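Visitor: Quick one: the structure is below, questions incoming.
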Amino acid sequence: MSDYSGFAPYYDRFTQNVDYPTRARYFDAVIRRYAPSAKLVLDLACGTGSLTFELEKLGYDMIGSDGSWEMLSVAAAKRGAQKSKALLLCQEMRSLDLYGTVDAAVCALDSLNHILDEAELRETFGKVSLFSNPGACFVFDVNTPYKHREILGNNSFVYEDEGALCVWRNSYDPEGDTVDITLDFFEHEDEHGLYRRSTSEFSERAWPLEDLRAMLEESGFTVEAVFDEDSFSPLRPESQRAVFVALKK
């Protein structure tokens, strides 16, 4: 299940803890290390475009693709306000269809965990490979099995913003290492104390890291490194995010 329509209007409000300029500088450092001549970059599953526009500020020509038109509508408004030249495409990851090839691709904030089916993930890697130049860098992060078990689990979280409330509820399935996520948003509507409620539901799967490595190799990539989140350090047993760096053969 995946429904991001109710999430899109609140996404930026409830992800203010994400430091996009810092994350963009990290991805830039990775790209510069492994594909120093990269110019045209794809932001796969770009959401509301925050990372896309930060990477553009660092000098890249950007393409942002996402399967949710609701998310992209927010990105388009930001694109106009920032006078960005980034190209925004409404495409599912497995249906990626660019006008040419790119020098690098990024996929951030566990977007690939939202793919639950192995065939679909293989298809996604194949599409990124198809539209990557030889030597292109593909860098993405994924939630680890540790995070699914120990952090997300069957837990619930509450986030509050001025005039709005988000209730995050998880249901963890250890057999498939999946988490079903329900987000309920309550926004203050009028002076009578009424709130408007909207809900988004989606799931995430924690893929074994060795499976990701094998699927990348089969899709025409060579895995150069797997780092701990936003670093060049090796993974730890308690790492919550793994960053893969792969090069197109």
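Visitor: Does V179 qualify as being surrounded by 17 or more Cβ atoms within 10 Å (Cβ to Cβ), in the same structural domain as V128 (by TED's automatic domain parsing), under 21 Å from the mean Cα position of the chain (by Cα) and among the β-branched types (V, I, T)?
Guide: So V179 does not fit the description; no.
Visitor: Would you check if there is a residue in segment 80-91 being assigned to a helix (DSSP H, G or I) and assigned by TED's automatic domain parsing to the domain that holds D61?
Guide: yes
Visitor: How many residues are among the hydrophobic types (A, V, I, L, M, F, W, C), in a strand (DSSP E or B) and in contact with a Lys or Arg (Cβ under 9 Å, 6 or more places away or on another chain) when one looks only at segment 116-157?
Guide: 5
Visitor: Out of A38, A8, A45, I need the residue that is touching a Cys at 6+ places or on another chain (Cβ under 8 Å), in contact (Cβ under 8 Å) with a residue 40 or more places away in the chain, of a type in the set (G, A, S) and surrounded by fewer than 23 Cβ atoms within 10 Å (Cβ to Cβ). Which one?
Guide: Step by step, each of A38, A8, A45 is checked, and only A38 is touching a Cys at 6+ places or on another chain (Cβ under 8 Å), in contact (Cβ under 8 Å) with a residue 40 or more places away in the chain, of a type in the set (G, A, S) and surrounded by fewer than 23 Cβ atoms within 10 Å (Cβ to Cβ).
Visitor: Quick one: L165 ticks every box in (1) in a strand (DSSP E or B); (2) in contact with a helix residue (DSSP H, G or I) (Cβ under 8 Å, 6 or more places away or on another chain) except a single one, so which number is it?
Guide: Failed condition: (2).
Visitor: I've got another one for you. Hey, can you tell me all the residues within segment 98-112 that are surrounded by fewer than 17 Cβ atoms within 10 Å (Cβ to Cβ) and either in contact (Cβ under 8 Å) with a residue 24 or more places away in the chain or in a helix (DSSP H, G or I) (or both)?
Guide: G100, T101
Visitor: Right, something else. Taking the stated definitions as given, is A38 in the same structural domain as E56 (by TED's automatic domain parsing), more than 15 Å from the chain's Cα centre (by Cα), among the hydrophobic types (A, V, I, L, M, F, W, C) and farther than 17 Å from M71 by Cα?
Guide: So A38 passes the test.
Visitor: Of E70, E54, which residue is over 30 Å from T222 (Cβ atoms) and in a helix (DSSP H, G or I)?
Guide: Of the residues listed, the single one that is over 30 Å from T222 (Cβ atoms) and in a helix (DSSP H, G or I) is E70.
The values are calculated or read from the model by the stated rules, or taken from the named source; none is laboratory data. Just so we're clear, the structure is a prediction, and the values are computed from it rather than from any experiment. Ideal geometry is used to build each Cβ from the backbone, glycine not excepted, and the neighbour counts take in all protein chains shown.
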